[in-house]
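Visitor: Below you'll find the structure I mean.
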Amino acid sequence: MTDKARCSAPPPWIAAQGSGRNRGFSLLEALVAMAIASIALGTLYRTVGQSSRNAVTVQERVEAAMVARSVLAGVLFAEELANQGDGKAGAWRWRVHLQPTVAQWSATPGRPPLPPQTVARVTVDVMHAEGGDPVLSWTGWKPYRAAP
């Protein structure tokens, strides 16, 4: 091999790097990469924010359900709830609605049918102590001591 042929070929470390124009990112490539990254991070931020709001809403509904169940479990007969009406427990307020309803019991095989009984359809609306719309409405049934 001649000296001229040996000098015309670039050394191997320069050939591996490519031409001088492709050594780094251009400004346009960097801007596009940053735009893609900002869109991805913005979407992630919105998703995490929505998840935390949903977690707070679920926690509020669980607490409100516990208050409503406590109100219903605290009395045996509908008359007791009619006298109570509404109340407050910590950060929650509740309001009780009673609606008399006739319940027809299904017959048990081998037993005589039971007569219809008047019961109260009880709805407990639970809201924040400051007021506003109910966070939860819970419905249950309570018997009357004596028919209304």
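The values are calculated or read from the model by the stated rules, or taken from the named source; none is laboratory data. Only a predicted model underlies this, so the values are computations on that prediction, with no experimental measurement involved. Here Cβ is always computed from backbone atoms with ideal geometry, including for glycine, and neighbour counts include all displayed protein chains. Ligands, DNA and RNA are excluded from the accessible area calculation, which covers all protein heavy atoms including side chains. Shrake-Rupley method; radii C 1.70, N 1.55, O 1.52, S 1.80 Å.
Visitor: Might you tell me the accessible area per residue for segment 41-148, computed with a 1.4 Å probe and given in Å²?
Guide: Values: 7320 Å² over 108 residues.
Accessible surface, normalised per residue, equals 68 Å².
Visitor: Follow-up. Across every pair of different alpha-carbon atoms, what Kirkwood hydrodynamic radius in Å does segment 45-96 reach? Mind showing how you got there, number by number?
Guide: On the way: mean 1/r = 0.0780 Å⁻¹.
Answer for segment 45-96: a Kirkwood hydrodynamic radius of 12.8 Å.
Visitor: May I pose another question? Enumerate the amide H contacts of V135 below 5 Å, restricted to partners 5 or more residues apart or on another chain; note that Pro and chain-start residues carry no placed amide H.
Guide: Here the answer is V126, M127, H128, since their amide H atoms fall under 5 Å of that of V135.
Visitor: Pick out, in residue order, every one of the GluC sites (Glu not before Pro) in segment 65-148 that is DSSP loop and has at most 14 other C-beta atoms within 10 Å; say none if there are none. Intermediate values should be presented prior to the final figure.
Guide: Details: sites: E79, E80, E130; in loops: E130.
Counting only loop positions with at most 14 other Cβ atoms within 10 Å, the GluC sites (Glu not before Pro) in segment 65-148 are E130.
Visitor: Also, quick follow-up: If Rh is defined by the Kirkwood formula over all Cα pairs and Rg also comes from Cα, what ratio Rg/Rh do you get for segment 34-145? Before the final figure, lay out the partial values.
Guide: Numbers: Rg = 21.8 Å, Rh = 17.1 Å.
Answer for segment 34-145: 1.27.
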